[in-house]
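A short worksheet on the structure shown next.
Nothing in this text is a laboratory measurement; each read-out follows from the coordinates by a stated rule. Note that the structure is predicted; figures quoted are calculated from it, not measured. FYI the Cβ positions are ideal-geometry reconstructions off the backbone, even for glycines, and counts take in every protein chain you see.
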Amino acid sequence: MSAIYDFFFVSTRSLLLRVLNNQEIIMADTAATLAALAAANASLDGIQADITALKALIDAGGTPQEVADAVTALAAKAAGLDLQTP
């Protein structure tokens with residue numbers, strides 16, 4: 001009977017205690033992950049806004065140089081986002 005008790009309760013209790021002891025580390029890792037996701041989302045929002053502005057520039061009849069400059073700036077932002085992604 002003791003072996004069954006140990007199997008179901010002692011090992012589970014030990015695991016739970018390890019998780020609780022590591023909770024601070026787990027929460028810090030989670031917070032860091034969420035912060036990285038928020039930063040990536042903000043970067044993507046910025047790129048999406050730039051694409052919308054580029055479309056508006058083209059629709060408004062922007063000069064080829066204005067369009068080229070906007071595309072170059074957009075490509076630079078996208079390259080920066082790629083560098084952030086492991």
Counted residues in the stretch 28-53 being under 12 Å from the mean Cα position of the chain (by Cα), under 13 Å from residue 74 (Cβ atoms) and among the hydroxyl-bearing types (Ser, Thr, Tyr) come to 1
The number of residues in the stretch 59-80 that are farther than 18 Å from residue 44 by Cβ and loosely packed, with under 13 Cβ neighbours inside 10 Å is 8
Cβ pairs under 9 Å, 6+ apart or interchain, first in the stretch 49-61 and free of Cβ contacts under 8 Å to residues at least 60 places away in the same chain, second outside any helix (DSSP H, G or I), ordered by first then second residue, are 54/62; 56/62
